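Here it is, the structure in full.
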Amino acid sequence: MSLPRSVQAQAEAARQHFEPQPENPDDQRPAGSAPEEGQRNPQDEFSAPAKADEPSPTQPADSAEAQPKDEQDQGALYWQHRFNVLQGKYNSEIPALRQENSELKNTIAERDRRIAELEQQQPTGGADSGVSDEQLEQFKATYGEDLVDFVTRMVDQRAPSGKPADTGNTQELTERLERLESEKHQDAEARFWMNLEQAVPTFREVNADPKFHQFLAQFDPSTGVQRQEALNQAQQALDAKAVADIFQLYMNQAEQGAKRSVPDDQVEPRTTRATEAPQGQRIWTGQEISQFYRDKTAGRYGAEEAQRLEADIFAAQRDGRVKQ
């Protein structure tokens, strides 16, 4: 009866283990004989591939082709690494830059909106100080350019930098200028009456004469303007000389009429029959004519009614419907 193969193999392995090994096992084997499968050196399995990697003299072309291929692989790996680094940097920095750009745009838009609101609240030109350009020019013509420039510089210096002048101070300055203008007008009016009285001391008595108002109702042949209108314009302009000239012209004509003498043989006998006015037409008196022009100057008549009555006065002078 034989033992199983597995037991026999184990017994053979134990025998070989306990048998003494020769000092040089290669000498005991015949030359050229291959070692048995169980007696192979394990290092041979690792040394053989290393020898295979060494280039043999018979394969120089294969080694030359392998070296450029390795360099290409290394270059591709380098650029792949660089791309990955740049891609990571881009992905981490671009979102932050986009957010910062968006915030800057919003800030600029908000600033532009605020500037537009301030421009609407603070109009340019004379409206900033509460005085228009027309008023400023009028003040320069009335009080002198030097005074207005001096006041303007004072207001600009007192106003904070970059801010409009105080509206209250500007309003107070405007009121002072208006009062000064009113006082100046009153002074000019007082000087007008004083100069008129010096030129025509009896102008009040002449103005109360109805014949003077008849004279004013006539048109000046040299200018074609009614004397009453010319007198009103001269008085409104406080032109004492022009007013005095009108009074003086009437006084000269009245004096010449008084000196005129009529021969006795040319004097017509006085008739007892009064001149009758055409039927339906008004008879004017000097006092009524004077009162009409006073009322017209005071604005008590409308434009159409004043024109109609004035035309009737002129017609009455031509037709002889004016009584003293």
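The values are calculated or read from the model by the stated rules, or taken from the named source; none is laboratory data. A quick note: this is a predicted structure, and the numbers were derived from the prediction, not measured. For neighbour counting, all protein chains shown are included, and Cβ atoms are generated from backbone atoms with ideal geometry for every residue, glycine included.
Pairs please, first residue from segment 142-167 and outside the structural domain of Glu181 (by TED's automatic domain parsing), second anywhere and modelled with pLDDT of 70 or more and hydrophobic (A, V, I, L, M, F, W, C), Cβ atoms under 6 Å, 6+ apart in sequence or on different chains.
none
Also: I'd like to know if segment 157-172 contains one or more residues that are within 30 Å of Gln235 (Cα to Cα) and either modelled with pLDDT under 75 or among the charged types (D, E, K, R) (or both). Steps first, answer last, please.
First pass over segment 157-172, keeping only residues within 30 Å of Gln235 (Cα to Cα): none.
No - not one qualifying residue is present in segment 157-172.
Taking the condition of being closer than 18 Å to Ala242 by Cβ and in a loop (DSSP other than H, G, I, E, B), how many residues in segment 203-231 meet it?
Here the count works out to 7.
Residue by residue, here is whether (1) at pLDDT 80 or above; (2) in a helix (DSSP H, G or I); (3) more than 30 Å from Thr152 (Cβ to Cβ) holds:
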position: Leu86; (1), (2), (3): yes, yes, yes
position: Glu93; (1), (2), (3): yes, yes, yes
position: Arg114; (1), (2), (3): yes, yes, no
position: Gly126; (1), (2), (3): no, yes, no
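To continue, here is another question. Could you grab the pairs with beta carbons closer than 8 Å, sequence gap of 6+ or different chains, first residue in segment 310-324 and under 10 Å from Ala217 (Cα atoms), second one of a type in the set (Gly, Ala, Ser)?
Every condition considered, the pairs that remain are Glu310/Ala217; Ile313/Ala217; Phe314/Ala217; Gln317/Ala217.
Moving on to the next point. Does segment 222-245 include one or more residues that are at pLDDT 50 or above, more than 60 Å from the chain's Cα centre (by Cα) and of a type in the set (D, E, K, R)? Step through it out loud before you land on a result.
Just the residues of segment 222-245 that are at pLDDT 50 or above, to begin with: 222-245.
Then drop every residue that is not more than 60 Å from the chain's Cα centre (by Cα), which leaves none.
Checked segment 222-245: no residue is at pLDDT 50 or above, more than 60 Å from the chain's Cα centre (by Cα) and of a type in the set (D, E, K, R).
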